[in-house]
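Read through the structure below, which is laid out as structure tokens, and then see the notes.
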């Protein structure tokens with residue numbers, strides 16, 4: 001089984017301890033053989049040249065000490081094995097670590113450079129990690145920006161996916177956002193721990209892409225309007241959501257349980273999604289009953305939004321006429337959502 005980087009570091013640590021032990025045994029062994037007549041520095045030097053077999057010559061008279069040659073042979077046989085073990089452990093770290101990471105990051109950069117209409121996620125902590133999980137479940141292309149690479153690698157290990165696109169860098173740096181191709185992205189999710197950093201990212205990203213949809217979180221209520229003024233389309237307060245969840249668990253527990261089970265069901269992958277009707281779509285001007293939505297998919301249309309007036313039609317009936325730009329809110333599996341996107345001439349679907 002292939003070793004992980006953690007296993008390689010543990011192996012190198014143990015090999016290092018063995019090397020220290022061998023040098024200690026060699027140094028004190030020579031010191032005892034010389035009955036204290038040779039300095040510790042000379043004994044350490046003798047141990048080093050014995051293990052490395054460089055052949056610089058003896059600086060202490062080994063041949064004059066009885067049984068000293070037996071000790072040297074034993075030191076060479078045992079010490080060389082430990083030395084090779086230590087060297088292979090260090091080489092393995094560089095080969096599996098630096099070289100592997102170099103090629104992986106190079107390949108990842110090329111893949112990120114090709115991304116369009118993707119989501120940029122700033123922050124891979126607790127909240128950002130949950131965002132990543134949901135984007136994977138909804139088959140949405142994305143790239144993560146995080147300063148602490150360990151957080152990203154922990155998420156990669158947890159979800160078991162090596163193809164997670166990420167950049168190690170400061171999200172408040174315009175250069176990092178450019179590397180994540182915010183200019184060609186469809187959305188930005190800011191899940192940084194500090195509200196002031198969320199504000200800076202929202203302001204910077206809005207300047208790089210005026211059409212970008214920006215969703216940010218804010219811990220402190222006073223930062224909500226500030227981040228919105230900086231360019232965020234929506235600012236989410238975890239405290240407000242937590243309060244609503246507590247009330248919902250109390251007065252509508254069945255609804256909450258249904259939504260939780262829907263999100264956790266890995267077999268069906270049910271979601272409430274939105275699909276916008278693109279210009280030129282074959283469904284424009286047709287009634288819902290005249291479209292192929294129910295024939296091609298098992299989606300349930302639970303609402304429709306008129307993009308011109310901003311009004312919603314809840315639970316639209318079979319005679320509801322689909323217009324250009326209408327956004328359908330549907331409930332169903334992601335595979336069916338993708339089929340509906342293709343039918344409606346619109347490739348992108350976002351979680352509602």
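Quick notes on this structure:
- When segment 110-121 is filtered for residues that are in a helix (DSSP H, G or I) and touching a residue at least 60 places away in the same chain (Cβ under 8 Å), the ones remaining, listed by number, are 112, 113.
- Of all the residues in segment 317-330, those that are closer than 24 Å to residue 137 by Cβ and part of a loop (DSSP other than H, G, I, E, B) number 0.
- Selection within segment 269-290 - on the phi < 0 side of the Ramachandran plot and either under 24 Å from the mean Cα position of the chain (by Cα) or without any contact (Cβ under 8 Å) to a residue 40 or more places away in the chain (or both): 270, 271, 273, 286, 287, 288, 289, 290
- Single match in 297, 326, 311 (criterion: more than 20 Å from residue 269 (Cα to Cα) and in contact (Cβ under 8 Å) with a residue 24 or more places away in the chain): 326
- Yes/no for residue 205 being in contact with a strand residue (DSSP E or B) (Cβ under 6 Å, 6 or more places away or on another chain) and in a helix (DSSP H, G or I): yes
- Qualifying positions in segment 331-344 - surrounded by 14 or more Cβ atoms within 10 Å (Cβ to Cβ) and in a helix (DSSP H, G or I): 334, 336, 337, 338, 339, 340, 341, 343
- Within segment 268-280, if we keep just the residues that are assigned to a loop (DSSP other than H, G, I, E, B) and touching a strand residue (DSSP E or B) at 6+ places or on another chain (Cβ under 6 Å), the residue that is surrounded by the fewest Cβ atoms within 10 Å (Cβ to Cβ) turns out to be 268.
- Considering 92, 111, the condition of being at pLDDT below 75 and within 30 Å of residue 154 (Cβ to Cβ) is satisfied by 92 alone.
- Candidate set: segment 51-76, residues that are within 12 Å of residue 26 (Cα to Cα) and surrounded by fewer than 15 Cβ atoms within 10 Å (Cβ to Cβ); chosen: the one modelled with the highest pLDDT: 74
- Among the helices (runs of 4 or more DSSP H) confined to segment 122-190, the ones with at least 3 residues that are at pLDDT below 85 and in the same structural domain as residue 227 (by TED's automatic domain parsing) are located at 149-159.
- Listing of helices (runs of 4 or more DSSP H) fully contained in segment 213-267 that carry 3 or more residues being in contact with a helix residue (DSSP H, G or I) (Cβ under 7 Å, 6 or more places away or on another chain) and surrounded by 14 or more Cβ atoms within 10 Å (Cβ to Cβ): 223-230
- Restricting attention to segment 284-316 and to residues that are part of a loop (DSSP other than H, G, I, E, B) and touching a helix residue (DSSP H, G or I) at 6+ places or on another chain (Cβ under 7 Å), the residue that is farthest from residue 136 (Cα to Cα) turns out to be 316.
- Per-region count, segment 321-341, residues closer than 17 Å to residue 278 by Cα and touching a helix residue (DSSP H, G or I) at 6+ places or on another chain (Cβ under 9 Å): 6
The values are calculated or read from the model by the stated rules, or taken from the named source; none is laboratory data. In this text the structure is predicted, and so the values were computed from the model without any measurement. Methodologically, a virtual Cβ is constructed for each residue, glycine included, from the backbone with ideal geometry; neighbour enumeration extends over all protein chains shown.
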